[in-house]
Amino acid sequence: MELQVLISKKGTKVVTASNLYGALQLPEQHYSTILLKWIDDFYEFTDGIRKPIRLQDFAKRKISNNPILKDYYLSVEMAKKIVLRSKSKLKRKFAKQLHALQTREESAETLTQEQIETVLEVAKTMTRMSCQESAERKHQEVYTSRNGGSGANWWKYRSHLLGYSADFLRKQMEAQGKKFKGKTQREMLLHLNNKPEMIRTAVIDLFIASGKTENHAKKLGDLAKTFALEMQLDVFDDKASGNLFASSINTEMLSGMNNYRHAAAL
């Protein structure tokens, strides 16, 4: 049996659990038991180790001619995780197929002119450290929620996501003869004058918090960093008092950052 890839009404590529089960040639008598395990198990998704989320990673499939048989639509990412953990002799074949499909989808993502302009406005907004901190807190809340209420691996996950760790920044500070004790990663980036990276990090936090995938959020963050470099955007600590030299931003956009609704436009 070949693995069939379907396209949902929203244009998302999915596979059915029943078709995936048959393609892997798993024991028919264990279908119901294994299917429930798939839905209730933990996987290392791109946004952390968590259980599958209904309507994000899977959705129930109704079979008109057999209402008793349970089935689900699975996202390509979830299907790949299942295949890699299965004991099927065919898992390499289907894992490669799903990985190629996932890679093509990610590389095909393009931004409209309106979306690019929105990223530019978000980058300007993230020149405020209060907005950066707010985005990070929201991202951490989402991460903790997705990991069963535990944030134990938050910094390890964050280091892998962003490409740098607190230890890496401390070594850079030390190399430049700067004191790092008691400083947060954001404060160390500020002292290292790496303000474009601060903006990139905040944009990634914001869009993951708003429900975007890790890869898509990183793509938007990289674009925001490019804008920050080209426009020489500065970063200001606006928590204590206002700064007369802060860059001009869209005030409506700034207001939208408080509840993360504007980010959904992307």
Please report the Cα spread of the stretch 6-107 along all three principal axes, rounded to whole Å, starting with the longest. 39, 33, 23
Under 13 Å from K13, Cα to Cα: aspartates and glutamates that are on another chain or at least 8 residues apart: D57, E77, E105, E106
1/(1 + (r/R0)^6) with r = Cβ-Cβ of I63 and R104, R0 = 22 Å, i.e. FRET efficiency to nearest 0.05, evaluates to 0.15
Average projection area in nm² (convex hull over Cα atoms of the chain, one quarter of hull surface): 17.3
Once R0 is set to 45 Å, what does the formula 1/(1 + (r/R0)^6) return for the Cβ-Cβ distance between K37 and M231, expressed as a FRET efficiency to the nearest 0.05? 0.35
Whole-angstrom Cα spans of the stretch 87-240 along principal axes, big to small: 57, 38, 31
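For every other residue with a beta carbon closer than 11 angstrom to the beta carbon of D71, add +1 if it is Lys or Arg and -1 if Asp or Glu, then tell me the sum.
Once positives and negatives cancel, what remains is +4.
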Which order do peptides 111-121, 68-78 fall in by mean Cβ count within 10 Å, highest first? 68-78, 111-121
Work the Kirkwood hydrodynamic radius out for the stretch 7-61: mean of 1/r over every pair of different alpha-carbon atoms, inverted, in Å. 12.6
FRET efficiency estimate (nearest 0.05) - Cβ-Cβ, Q29 to H160, R0 41 angstrom: 0.55
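Every number in this text was worked out from the coordinates using simple rules, so none of it is lab data. Remember, it's a predicted structure, so these values are computed and weren't measured experimentally. Neighbour counts run over all protein chains shown; Cβ positions are idealised from the backbone, glycine included.
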